[in-house]
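Written below as structure tokens is the structure these notes are about.
The values are calculated or read from the model by the stated rules, or taken from the named source; none is laboratory data. Remember, predicted model here, so these are calculated numbers, not experimental data. Cβ coordinates were reconstructed from backbone atoms using ideal geometry, including for glycine residues, and neighbour counts include every protein chain displayed. Protein only, heavy atoms only, side chains kept; ligands, DNA and RNA dropped before computing areas. Shrake-Rupley method; radii C 1.70, N 1.55, O 1.52, S 1.80 Å.
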Amino acid sequence: MTGVGLSAAREGDRNTGEQAEESPMTATTVLRHDAKPVTPESIRSAVAAQRGLAERLFATLAAGSPGNPGIMRDTYGAGENFGHEILREEAGVAGLAITTDAAANTFATWRGTQADAPAILMGSHLDSVPHGGNFDGAAGVVAGLVTIAALRELGLQPLRDVTVMGVRAEESVWFQVSYIGSRAALGTLPEGALEATRIDTGRSLAAHMRDCGGDPEALRQGVRALDPKRIRAFLEVHIEQAPSLFEAGFPIAICTGIPGNFRYPNARVIGRHDHVGTPRRFRRDAAMAGMALAHALDEIWAAHEAVGTQVAVTFGRFHTNAEMHGMTTVPGDFRFSLDVRAYDEAVLAGIEAQMHRAILRIESERNVTFELGPRASAAVGLVDGVIQAALTKAAGHLGIRSMPLGSPASHDSAAFAAAGVPVAMLFVRNEHGSHNPKEAMEIDDFMAAATVLAVWVAENAG
Ligand SMILES: [Zn+2]
């Protein structure tokens, strides 16, 4: 790779992009104000010059959304609103075009010269879990702003719009619905989602959205902000949510896929409260039944792991009813949430069928009833192979060490992929895992990811 082909990408490249892959990456200067060629090396220097911008944005975000401990950017609440304010402020100073949609997502756009060319979107979510980390989500937005600042500094002018999207409501902990902002923008929000209530306020998603300047009525009428056909690609830089990169000693990873999931946020086992001395044969112990299901699913998981199939099973909530439980009472009421994820729809369907068989067995063995409650799911997110290869190549060319990695977590990218948009993700090393206050990211690692992102954008914005 010797230079950056600013006019290499064509409309016909969507989804396949073979031409972009094969075309010689010669330096193109037609879009520059001066005659210096733009190379991946010059892009690296331009991105490095934005280090202060990245550090300042992360520091501002952290200071304005304390979670004591960690970070609190509550979905459609004050914390998330603060993140969007910072994005708008920064975009305003940079002279980017700022728009919001009916779901109150924020878009900051570096306008291209050809209004009809499908846009490049970069971004991620600006909410967090309670007591989360500062980089989860925000890194994708900051990487987008850094990329635009660096490429403008080089005097480039894109043909297509290059947009940073601050996505609302990715963290499903608040409304128990995943990818709310991205799916609302793409018109794929599931039926009934607007009526979901936030776990702490008890108020509906529609009400929260309205408070944040959104227009849930427009969403009900099918208004969508984004047409998948008008998006060249969605690229998301994200902190890795497990310490795999730290373990392997790589600063960044190029994502190979995003897991789909099925979820039961509010499942219950109903048995009977009894005296602690009740013989086993009379018991209808709901907690033991919950344990039996967890054990069954753990064994299913282990069997998949043994043959190298990636799966993850999580009982995030797992408890007896606090109003009734006590050391000398057999629990007759047990509550849990379940999240099962995998990279293959057939694997997910197989596990769910096995789970239902296990439930029937446990119900009859333990004389209890399972009420799984509402079911939610998200499709497996396929990464665009051509973009993935281009990112890997760009990293290799610059001597940035990267490894391929299946995402351990769900991401907005999966919603874009499900809508038919070519997507790619870059993960940044994180020693302490995510969704906790100890989440950690070295700014050098972040800059490496932003550099690879910027090279791809420069090559494809023409
Ligand atoms: Zn995230």
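Counting only protein heavy atoms and a 1.4 Å probe, region 227-359 has 46 square angstrom of accessible area per residue. Across the options Gly133, Met165, Ile148, the greatest Cα extent toward the positive end of the charge dipole of region 68-211 (unit charges at beta carbon of Lys, Arg, Asp, Glu) belongs to Ile148.
Plainly put, region 353-393 has a radius of gyration that is 1.42 times its Kirkwood radius, both from alpha-carbon atoms, as the Rg/Rh ratio. With the simple model of a label 7 Å out from the Cα in the direction of the Cβ, His275 to Ala353 spans 4.7 nm.
Distance between the C-alpha centers of region 64-89 and region 441-462? Whole Å please. So the two Cα centres are separated by 25 Å. Give me the percent of accessible area attributable to carbon and sulfur for the chain, probe 1.4 angstrom. It is 53 percent, rounded to a whole number. First check a/c for region 189-282, with a ≥ b ≥ c the square roots of the eigenvalues of its C-alpha gyration tensor; if it is under 1.5, answer rounded, and if not, answer prolate when a/b is larger than b/c or oblate otherwise. Verdict is oblate for region 189-282. Answer with one residue from Val423, Ala103, Gly202: the one whose Cα lies farthest towards the positive end of the charge dipole of the chain, charges on Cβ with Lys, Arg +1 and Asp, Glu -1. Value: Gly202.
For region 376-436 versus region 181-240, the spacing of their alpha-carbon centroids is 22 Å. How about Lys36: which lysines have a C-alpha closer than 24 Å to its C-alpha, ignoring those fewer than 8 places off in the same chain? Here the lysines satisfying the reach criterion relative to Lys36 are Lys393.
Remark: spin-label model distance Arg361-His319 equals 3.0 nm, labels positioned 7 Å along the Cα→Cβ axis.
For the set Met441, Met72, Met324, solvent exposure ranked by accessible area (probe 1.4 Å, protein chains only) runs largest to smallest as Met324, Met72, Met441. Assuming charge only on the beta carbon of Lys and Arg (+1) and of Asp and Glu (-1), the dipole of the chain about its Cα centre is about 520 debye to the nearest 20. Across the options Ala409, Gly260, Gln50, the greatest Cα extent toward the positive end of the charge dipole of the chain (unit charges at beta carbon of Lys, Arg, Asp, Glu) belongs to Gly260.
When nucleic acids and ligands are ignored and a 1.4 Å probe is applied, Thr100 ends up with an accessible area of around 80 Å².
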